[in-house]
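This report refers to the structure that appears directly beneath it.
The values are calculated or read from the model by the stated rules, or taken from the named source; none is laboratory data. On a predicted model such as this, the values are computed, not experimentally measured, just so you know. Ideal geometry is used to build each Cβ from the backbone, glycine not excepted, and the neighbour counts take in all protein chains shown.
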Amino acid sequence: MSEYTAEVLWERNEQDFPGNRYSRKHLLRFDGGVEVPGSSSPHVVPVPMSDACAVDPEEMFIASLASCHMLWFLSIAAKRRFVVDRYVDAATGVMEKNAEGRMAMTRVTLRPAVSFSGERVPTREELDALHHAAHEACFIANSVRTEVRCEPVCNE
């Protein structure tokens, strides 16, 4: 078992919280020391209460799936002795009501474009097989229907 952490920090800073006039901008901290500005999506909460320059949860979800797929793809390609020179993915996600009538990310589409070099360049069938294997191995794709628990900590 491995455990991963992320810290989310938001502070009111004298904003009109009861009037719903507060910034959704917050800070995401990761164990390696990286800090990323976060916010609600401007599609959900209009600017200026959202920060369009920050990363929103929907974008992080899409990026997480795309990144995991890419990392597995690169690993599998290397093991099969293909030389990958470049990998770029213009991933997209669709937010809409799901079968239960709740808003959800119902579809994420990965569109990876991969450049190879060397003596062995994969055929279309081999490329498809690489992507299929990466999808099957991707921890995040395998976790999409994961149980989410909330265990609040009491501040004293």
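A few remarks follow.
- Some residue of segment 61-71 being closer than 24 Å to N20 by Cα and of a type in the set (S, T, N, Q): no
- Subset of segment 65-78 [surrounded by 17 or more Cβ atoms within 10 Å (Cβ to Cβ) and under 14 Å from the mean Cα position of the chain (by Cα)]: L65, A66, C68, H69, M70
- Residue match in segment 33-40 (condition: hydroxyl-bearing (S, T, Y) and under 19 Å from G93 (Cα atoms)): yes
- Looking across segment 1-18 at every residue that is of a type in the set (D, E, K, R), in a loop (DSSP other than H, G, I, E, B) and at pLDDT 95 or above, the one that is surrounded by the most Cβ atoms within 10 Å (Cβ to Cβ) is identified as E11.
- Within segment 113-123, tally of residues that are outside any strand (DSSP E or B) and among the small types (G, A, S): 1
- On inspection, E3 does not qualify as touching a Ser or Thr at 6+ places or on another chain (Cβ under 6 Å) and of a type outside the set (F, W, Y).
- Contact map, segment 19-30: residues that are surrounded by fewer than 14 Cβ atoms within 10 Å (Cβ to Cβ) paired with residues that are of a type outside the set (S, T, N, Q) and in a strand (DSSP E or B), Cβ distance under 9 Å, separation 6+ or inter-chain. Pairs shown: F30/A6; F30/E7; F30/V36.
- Within segment 37-50, not a single residue is of a type outside the set (S, T, Y), assigned to a helix (DSSP H, G or I), surrounded by 12 or more Cβ atoms within 10 Å (Cβ to Cβ) and over 19 Å from the mean Cα position of the chain (by Cα).
- Being modelled with pLDDT of 95 or more, under 30 Å from R12 (Cβ atoms), outside the structural domain of A6 (by TED's automatic domain parsing) and touching a strand residue (DSSP E or B) at 6+ places or on another chain (Cβ under 7 Å) holds for only one residue in F82, F116, F61, and it is F61.
- Within segment 79-105, if we keep just the residues that are closer than 30 Å to G118 by Cβ and small (G, A, S), the residue that is surrounded by the fewest Cβ atoms within 10 Å (Cβ to Cβ) turns out to be A90.
- Single residue of T92, T109 found to be without any contact (Cβ under 8 Å) to a residue 24 or more places away in the chain and not assigned by TED's automatic domain parsing to the domain that holds L28: T109
- Filtering segment 94-112 for residues that are in a helix (DSSP H, G or I), within 18 Å of P57 (Cβ to Cβ) and of a type in the set (A, V, I, L, M) leaves an empty set.
- Checked against the criterion of being assigned to a strand (DSSP E or B) and in contact with a Phe, Trp or Tyr (Cβ under 8 Å, 6 or more places away or on another chain), segment 131-153 contains not a single residue that satisfies it.
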